[in-house]
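Only one structure is covered here, and it is reproduced in the block below.
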Amino acid sequence: MLSNFQDQFASLTVGGLSLGFIYVLIALGYTMVYGVLRMINFANSEIFMYGTFATILVIRDVFGFTQQSEPATGFRLAWILFLCLLASMLMSGILSVLLEFVAYRRLRNRGSNKLAPLISAIGMSIVLAEFMRILTDSRYVGSPRVMEKKVLATFLGADLRLDNVIIVVAGFLLFIALSQFVKRTRLGKGIRAVSMNEDASRLMGVNMNLVISGTFLIGGFMTGAAGFFYVLKYENTSFNIGFELGIAAFTAAILGGIGNIKGAFYGGLALGLIETYASFFLGTQWKAVTVFVILVGVLYVRPNGIFGEAITKSRA
Amino acid sequence: MMINLRDFGAGIWERSGRPVRILIALSAIGVAASLPLLGGTFLKTPIADYGSVLVFPVAIFVIMALGLNIVIGKSGLLDLGYVAFFAIGAYTMGILGTQTGLNTWEILPIGIAMAMFAGLILGVPALRLRGDYLAIITLGFGEIVRITALNLRSIGGANGIVGVPTPPKIFGLEYTFDNHRLYFWTFLIIILLTIWMVRRLSARRAGRAWESIRQDEDAAELMGVPTFRYKIWAFVLGASVGGAAGVLYASKTLFISPDNFTLQVSILILACVVFGGMGNIWGVILGAVILGYLPDRIRFLSDARLLVFGAVLVIMMNLRPDGLLPRKKREKPLPEKNNS
């Protein structure tokens, strides 16, 4: 078993990293909202699910791919993938802003009951998932193959497949873009200020509604990108995929320290890798249990996650 | 202006003498007990059998919501894995009921003890952490219990346990599968016992300790309340009620499988508690009755019923964030202080 694991190690690592980047991006959606509102955005998993559908919609209905059509290549492929990514991000971003408007805005300033927004977010998550279930007739929706999953190179015995490479590279770039955005722009400064101290930033004239909507928009962008990568990797989706991935991504966010952008990055990657290695040894059916056992273990030793919750310090 | 029904009701109760109180209580019990007889009225559920809807989900939800209310409403601990205790109770009933000769009433205390034990094991490490982490750890625990049940062949795996025995005859009344009324009345007694337990505890030292923990844990600790011990107590008591609900559920449906114990159940029970009014047992009961009953009542919407259900949750929380029957004004927490 162990020598087998050594043989497989490199290719498991590649698969784990690409899964990890999907987790990173969803975890960013959770962590951004948590940093600003101190609230678990329960509907983020549904935002992700709509992102996957946006990608399939573009592939199937805008470019007219079917199960039989030839995969695209070269520039055309790059153009298609770019549009898919854009569509997913826009879909999820806009949906996320709408979600904030419907489920959170009215409740936000009352403050007396922390659980009310949680329940209304759960309600929105049910509405979104059920709406999609009715639209798709409770079926899995497969994505036509847009690209051939060529092996670009082998590295230490691992096949570097095109889709995994795209996910890792694009995921990393998105993460860098996000952290630069939070670091350098005016809105990013607002987000950091609000997560540092809400009252003080209000007094300093930060437009709370704008900052919160912006946070939901950017978090939604990231989550939507994850939806695109998911379709690229697994080539199907359904109305209920959000749940499992959402839980895993949320675990990732906690693992790294929720509210902390860097934490979501490392937590997501760690979770992707651990999950992949663990399912090699124990079989896929136990992977969720391993993830949670590790989470409990980490929290017991480091109650604020690996990188702590110093949201602002590590962001600044 | 929001009419505060809760304070209005509590006012009547507090002004009345003992005979009036007994009268109110008895008539409330009478109304509840006559519910199974009202199947022919507007309460009728279109597709599912009205009697069985009253037993599950309604009565079971009420029991579970009362248990979860001890954890969330009374002491302010967010538990998202409450279904784990329900599952542990149900599986205790399933395993012992099919493999030993014990009957439901003998297994009930064992199931409760198992759930309490699980609550203790989970609570001791988890309750040292801050609130939001408690939420995710309990959530994980709920999933671990379900996945373990799913993967262990010896307890049926994905097929679950079939042929769980019904409770034995009492007073010549037989618990057959479709004798929903008898089940309902039995569960009503359990509900009344739970209400009684929660009310007695709330009025005493434990209740005051929970109240102080919920309002401000640091202050409670400084005033000499052993907060950790009382948090464990709340957690374990909540677990015991969940375990009891599980035993009863298994003994009613006669068939359990891991699919009955998903995270959705935890979330639904949490929704019952918040929807009805956290911390107020009457609100919680009302919430559980409505959320248990509503999806079956609106079944004529067939496919869209869960969608409507979700929308109702959103709208209700926006209109009444403290729930239908909120807790008394004086029990509301002080405005949150700024920790940073």
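The values are calculated or read from the model by the stated rules, or taken from the named source; none is laboratory data. Computed from a prediction, not measured in an experiment: that's the story for all the values here. Don't worry about glycine lacking a Cβ; one is built from the backbone with ideal geometry, like all the others, and counts go over all protein chains shown.
Could we say that A:Phe175 is without any contact (Cβ under 8 Å) to a residue 60 or more places away in the chain, of a type in the set (Phe, Trp, Tyr) and surrounded by 15 or more Cβ atoms within 10 Å (Cβ to Cβ) here? Talk me through it step by step, then tell me what you get.
Values: without any contact (Cβ under 8 Å) to a residue 60 or more places away in the chain: no; of a type in the set (Phe, Trp, Tyr): yes; surrounded by 15 or more Cβ atoms within 10 Å (Cβ to Cβ): yes.
No, not satisfied.
If the condition is being more than 18 Å from B:Leu102 (Cβ to Cβ) and either among the aliphatic types (A, V, I, L, M) or within 14 Å of chain A (Cβ to nearest Cβ) (or both), then the range B:144-161 contributes B:Ile144, B:Val145, B:Arg146, B:Ile147, B:Thr148, B:Ala149, B:Leu150, B:Asn151, B:Leu152, B:Arg153, B:Gly157, B:Ala158. Screening B:Phe187 against (1) exposed (fewer than 14 other Cβ atoms within 10 Å of the Cβ); (2) in a helix (DSSP H, G or I) leaves a single unmet condition, (1).
When A:Ser45, A:Ser18 are checked against the criterion of being in contact (Cβ under 8 Å) with a residue 60 or more places away in the chain, of a type outside the set (A, V, I, L, M, F, W, C), more than 19 Å from A:Val194 (Cα to Cα) and in contact with a Phe, Trp or Tyr (Cβ under 6 Å, 6 or more places away or on another chain), a single residue qualifies: A:Ser45.
Condition first: surrounded by fewer than 19 Cβ atoms within 10 Å (Cβ to Cβ) and either under 20 Å from A:Gly227 (Cβ atoms) or of a type in the set (A, V, I, L, M) (or both). Now tell me which residues in the range A:51-79 satisfy that. Result: A:Leu57, A:Arg60, A:Asp61, A:Val62, A:Phe63, A:Leu77, A:Ala78, A:Trp79.
Scanning the range B:240-254 finds one or more residues that are away from chain A (no Cβ under 14 Å), within 17 Å of B:Ile60 (Cα to Cα) and part of a loop (DSSP other than H, G, I, E, B). Taking every residue in the range A:195-209 that is touching a residue at least 60 places away in the same chain (Cβ under 8 Å) and pairing it with any residue that is surrounded by fewer than 14 Cβ atoms within 10 Å (Cβ to Cβ), at least 6 positions away or on another chain, the pairs with Cβ-Cβ distances below 7 Å are A:Met196/B:Ser340. Taking A:Leu115 as the residue in question, decide whether it is facing chain B (nearest Cβ under 10 Å) and either within 18 Å of A:Asn240 (Cβ to Cβ) or in contact (Cβ under 8 Å) with a residue 24 or more places away in the chain (or both). No. Filtering the range B:105-126 to residues that are buried (at least 22 other Cβ atoms within 10 Å of the Cβ) and under 13 Å from A:Val296 (Cβ atoms) leaves B:Leu122, B:Gly123, B:Ala126. If you go through the range A:82-118 and keep only what is buried (at least 21 other Cβ atoms within 10 Å of the Cβ) and at pLDDT 90 or above, you end up with A:Cys84, A:Leu85, A:Ala87, A:Ser88, A:Met89, A:Met91, A:Ser92, A:Gly93, A:Leu95, A:Ser96, A:Leu99, A:Glu100. Would you confirm whether any residue within the range B:303-324 is under 18 Å from B:Leu78 (Cα atoms) and away from chain A (no Cβ under 14 Å)? No: the range B:303-324 contains no residue that is under 18 Å from B:Leu78 (Cα atoms) and away from chain A (no Cβ under 14 Å).
Checked against (1) touching a helix residue (DSSP H, G or I) at 6+ places or on another chain (Cβ under 9 Å); (2) away from chain A (no Cβ under 13 Å); (3) modelled with pLDDT of 85 or more, B:Val273 passes all but a single condition, namely (2).
For the range B:1-78, the helices (runs of 4 or more DSSP H) that sit wholly inside it and include 1 or more residues that are over 30 Å from B:Ile232 (Cβ atoms) are B:5-15, B:18-34, B:50-53. Only a single criterion out of (1) within 14 Å of chain B (Cβ to nearest Cβ); (2) surrounded by fewer than 21 Cβ atoms within 10 Å (Cβ to Cβ); (3) within 30 Å of A:Val211 (Cα to Cα) is not satisfied by A:Gly123, namely (2). Listed by position, the helices (runs of 4 or more DSSP H) enclosed by the range A:194-261 that each have at least 2 residues that are away from every other protein chain (no Cβ under 14 Å) and over 28 Å from A:Ile294 (Cβ atoms) are A:208-234. Would you confirm, using the coordinates I've provided, whether A:Gly257 is more than 29 Å from A:Leu162 (Cα to Cα) and either in contact with a helix residue (DSSP H, G or I) (Cβ under 9 Å, 6 or more places away or on another chain) or buried (at least 24 other Cβ atoms within 10 Å of the Cβ) (or both)? Criteria met by A:Gly257.
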